[in-house]
Amino acid sequence: MNKLRKQGAIIGKNVQIVDKGSFLYEPWCAELIEIQDEVVIAAGVRLVNHDSSYANIFGKLPTKYGKIIIESNVYIGVNSIILPGVRIGESSLIGAGTIINKSIPPRSVVVGSPCKIIGTIDKGVEKYIKMIDNDNELIDFIDVGGSYSEIMSNHGFKSDQYIMNAYNEYYKKNKE
């Protein structure tokens, strides 16, 4: 991440790039990248800040450049591609292999190529909790033996805490 910062990108606190070796971006326009706090970027994600396709074919046409902004507490799934001029709203979940070609509102669950909003993070957490609750294994499911959960909590990530709080609200509302 220091390399990204030195190239001009704005990188917040507690950003995790899972596999830096497979994370692709264009260093000549890194200043067009802003990644806010508590973002997790899975392996193989690509940030594409320019589109030179027409300029390459027809010449003399300008190359389109656009800033990519990833707001706080976003998860970007494996092999996703984020195109120029896109803003991903806070607390959104981007599914694996998604091509983000337009801005995404906060708290969205997004999948597909091109991307499609399939719901809100709140409804997604509710479904997730119901799935776990049906298995009666919530605590074991969330606590993966101190590996990932411990690393995340040690770095200030709040996803497990958010899920536990949502579960407790769901449990109180539906189990009493």
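Quick note: the coordinates plus some simple rules give every number you see, no bench work behind them. Here the structure is a predicted model, which is why all the values come from computation and not from measurement. Don't worry about glycine lacking a Cβ; one is built from the backbone with ideal geometry, like all the others, and counts go over all protein chains shown.
For the peptides 62-75, 32-45, 5-18, what is the packing order when you average, over each peptide's residues, the other Cβ atoms within 10 Å and list the highest mean first?
Taking the mean over residues of other Cβ atoms within 10 Å, the ranking is 32-45, 62-75, 5-18.
Return the FRET efficiency for the residue pair ILE10, ARG46: r is the Cβ-Cβ distance, R0 is 22 Å, and the value is rounded to the nearest 0.05.
0.75
I want to check the label-to-label distance for LYS67 and GLU26. Put each point 7 Å from Cα in the C-beta direction and report it in nm to one decimal.
Going from the LYS67 label point to the GLU26 one covers 1.7 nm.
Using the structure shown, select from LYS6/LYS102; LYS20/LYS102; LYS67/LYS116 the pairs with a Cα to Cα distance greater than 30 angstrom.
Too far apart for the 30 Å limit: no listed pair.
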